[in-house]
Amino acid sequence: MRQAAKPFTFSGCVELRQTLDVHALDERELLHRLGEAPAESIFFHTFGYFLRHRAFTTAYGNDFARWAALEIGDRALAERLAVVDPFAFPALDALREHLVTILQDHLRGRENVDESAIYLHTIETRARERRAEGFAEWLRDALDLPALAERFERVDPYLTTLERVRARLLGFIDETLEEGRG
């Protein structure tokens, strides 16, 4: 057995947090905030995740993936963010650029339905007793997807943004496609 000339000294780590009062309510806001946030904030939400969470108890590799899955219900985005290895980047700015690219690619694929259509087919159809054909009705009648239609009907647009409603609906579609029901 070899003995070191100098003993290794183990140290602990304590996180000192500073709230920045920067928030994102949807993917688009997260994209903008990532570009503006200090590098230390990117570090906190990626590398710092290892200190706050145990890898075997969470499916998410960073705070951004966890937020996407749990707060906005966007599993597709959460999965893309969860596999980002922060150690693979030479600097925090390169990590930031990669996260921004993931969000840009994700949002680019979701810009096919205007927020006014989300409003009309989710909020107004409920408020006016289905005066216009709603998404859920179309899913049920035209595509024979009653379970997906029911999930659409349960989305509560109250106290949220139309972008978050869109993200949630698209997340339901992604899950249905993954399960092979669509």
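Each reported figure results from applying straightforward, stated rules to the coordinates on display, with no laboratory input. Just so we're clear, the structure is a prediction, and the values are computed from it rather than from any experiment. Cβ placement follows ideal geometry from the backbone for every residue including glycine, while neighbour counts extend to all protein chains displayed.
Between (i) 21.0, 82; (ii) 23.0, 71; (iii) 15.8, 49, which entry matches Rg and Dmax of the Cα atoms in Å as derived from the coordinates of this structure? Correct label, based on the coordinates given: (i). With the cut-off at under 16 Å, measuring from each backbone N in the range 151-168 to a point 7 Å along the Cα-to-Cβ line of residue 123 picks out 155-168. Would you mind finding the longest exposed-site-free stretch of the chain, with exposed trypsin sites (Lys or Arg not before Pro) meaning DSSP loop and at most 13 other Cβ atoms within 10 Å? It runs 55-127.
The GNM of the chain, with springs linking C-alpha atoms under 10 angstrom apart, assigns the highest mean-square fluctuation among 24, 167, 127 to 127. In the chain, the longest principal axis of the Cα atoms and the axis of helix 92-108 are about 10 degrees apart.
If you take the square roots of the eigenvalues of the alpha-carbon gyration tensor of the range 56-118 and sort them as a ≥ b ≥ c, do you get rounded (a/c under 1.5), prolate (a/b over b/c) or oblate?
Working: a/c = 3.16, a/b = 1.46, b/c = 2.17.
Oblate.
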